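Here the structure is laid out as structure tokens; the discussion comes afterwards.
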Amino acid sequence: MTNITCHCNAQLDGVSGAHPGCFGQAWIFEGITAKDWDKIFPKLIHKEWAPGELLFRQGDLASSMILLKMGSIKLWKVTEDGRELTLDIRNAGDFLGESSLMEEDSVYPVSASCLETTAGCGIDKKVFESLIEEIPSFGLAVVRNLSRRIDHLTGKLGALSETNMEEKLYQVLVSVAKQVGYPTKGGWSVKLHLTHEEIGFLAGVHRVSVTRTLKKLRNKGKIFLEDNMMFFPNLNLS
């Protein structure tokens, strides 16, 4: 990978907790030349957020990709009964919204807010598209990276253990149950507040895979679904 220096690192020089990684570490930017990065970096936006400040709200247009350089955020949604449900925590070094650069009119399925003072480096989708048009070598590198990504995911899909996917999805559901569920005879019950799209976002799988995997979990007796209620037999989270 090309050795490049991130502008955010310069701005956060010496700040405790600042992640050393560069925006260029995202898979989609692999192989970009230093010459092209000189043109790209001025287009990047350094952002800082105060504790409690929103990065985005559920349903907002996913119009940018952000690399967290410092701090941490929580992904959350509000349930039908008004309770805030924490779904995941993301820290310095994590990317948000990579898929927004490739998908048209995509929206965030959950909200994100800062747990502490947070900083990040971002690129707007429209800027990203204009760079592809203005810098042919950049566009070619992105196309090659997409091709490699497809090959990687295709191979990974063929080798992926269905058991691992089921366990990952099961743990996401258990995490939600622990927050807003309650003990019942023989296990634990929870009103399912998440759509399949939101579950897929948290588990890192496609919505279609969520539907298939939930069916497998039901067939194996690990969960039971009735209306909007989910029951986990023999589960004790007390």
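Read the figures in this text as sums done on the coordinates, not as results from a lab. What you are looking at is a predicted structure, and each value in this text was computed from that prediction instead of being measured. When we count neighbours, we look across all protein chains shown, and the Cβ atoms used for this are built from the backbone with ideal geometry, even at glycine.
Across the cross-link table entries Lys77/Lys222; Lys43/Lys168; Lys178/Lys220; Lys69/Lys126; Lys35/Lys69; Lys126/Lys178, which are compared at the Cα atoms, the separations over 31 Å belong to Lys43/Lys168; Lys126/Lys178. Cα centroids of the range 27-77 and the range 169-187: 33 Å apart.
Residues whose amide H falls under 5 Å from that of Phe56, counting only those 5 or more places apart or on a different chain, are Ala112, with hydrogens built in the peptide plane. The stretch between Lys220 and Glu30, if pulled fully straight at 0.36 nm per residue, gains 64.3 nm over its current Cα-Cα span. Legend note: in the chain, cysteines whose Cβ sits 4.7 Å or more from every other cysteine Cβ are Cys114.
Note on the range 188-223 and the range 116-152: Cα centroid distance 31 Å, given to the nearest whole angstrom. A cut-off of 5 Å between modelled amide H atoms, ignoring neighbours fewer than 5 places along the same chain, links Met229 with Leu192. For Leu87, nonlocal amide neighbours, meaning residues 5 or more places apart or on other chains whose placed amide H falls under 5 Å from its own, are Leu75, Trp76, Lys77. Each of Val180 and Val78 was given a label point 7 Å from its Cα along the Cα-to-Cβ line. The distance between the two points is 1.2 nm. Backbone phi angles across the range 172-179, fed through the Karplus curve with coefficients 6.51, -1.76 and 1.60 (θ = phi - 60°), yield HN-Hα couplings of 4, 5, 5, 4, 5, 4, 5, 7 Hz in residue order; Gly and Pro are listed as x. Multiplying the residue separation of Leu237 and Asp38 by 0.36 nm and removing their Cα-Cα distance gives an extension gain of 66.4 nm.
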